[in-house]
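Here's the structure we're looking at; comments come further down.
The values are calculated or read from the model by the stated rules, or taken from the named source; none is laboratory data. Keep in mind it's a predicted model, so treat the numbers as computed, not measured. A quick note on method: Cβ atoms are made from the backbone with ideal geometry, for glycine too, and the neighbour counts reach across all protein chains shown. For the accessible areas, the whole protein counts, side chains as well, though only heavy atoms, and no ligand, DNA or RNA atoms are used. Shrake-Rupley method; radii C 1.70, N 1.55, O 1.52, S 1.80 Å.
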Amino acid sequence: PEPEPEPQISDREAIALARAFAATLKECAPIQKDMILSCNKADDGECAQASLALTMCMGKNLCKVQHEAVGSCVNDAAGGEEIQNAKIDAALENLAMCVGMTHERVDIAQRQHPDVFADK
């Protein structure tokens, strides 16, 4: 099967993605640095925690709905610990997928509109 064609990103969306991503990278730079340091160590648990912190930071700006869902699940004690943990895990997975998909759209926008990203 042939690969799917790359989605087209408008100038307006490319500009919005560039601004949001630049602001997010700036805000999350210290957390990203901590993650790199943690993941260069042999401690997988520390790396996972730092990666989660970076996903939460990036999601705060790039995936507001999913980020808020994580907060709601953390604050919702209904259903017992096992159910609460399952809800939190699902919300975190949705947030991570959203951040990943947004990053993919940024990559596509950079290829299609390099001029928009040149000064960001």
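Points worth noting:
- Reported label for calculated volume of the Cα convex hull per residue in Å³ given (1) 178; (2) 154; (3) 141: (2)
- Taking Cα centre as origin and charging only the Cβ of basic (Lys, Arg, +1) and acidic (Asp, Glu, -1) residues, the dipole magnitude of the chain rounds to 520 debye.
- Projected label points at Lys41 and Ala23, each 7 Å from Cα along the beta carbon direction, are separated by 3.3 nanometres.
- Net dipole in debye of the range 32-96 [+1 Lys, Arg Cβ; -1 Asp, Glu Cβ; about Cα centre; nearest 20]: 360
- Protection proxy ranking of 88-94, 53-59 - average other beta-carbon atoms within 10 Å, highest first: 53-59, 88-94
- Electrostatic tally near Cys47: other residues with Cβ closer than 13 Å to its Cβ, Lys and Arg +1, Asp and Glu -1, net -3.
- Result for the chain in a Gaussian network model with C-alpha springs under 10 Å: among Cys28, Cys63, Cys39, the largest mean-square fluctuation is at Cys39.
- The Cα atoms of the range 1-70 give a gyration tensor whose axes a ≥ b ≥ c have a/c of 1.5 or more with a/b greater than b/c, which makes the shape prolate.
- Using the 1.4 Å probe convention, the accessible area of the chain works out to 67 Å² per residue with neighbouring protein chains retained.
- Amide N of the range 1-29 lying under 20 Å from the label point, which is placed 7 angstrom from the Cα of Ala118 along Cα→Cβ: 9-23
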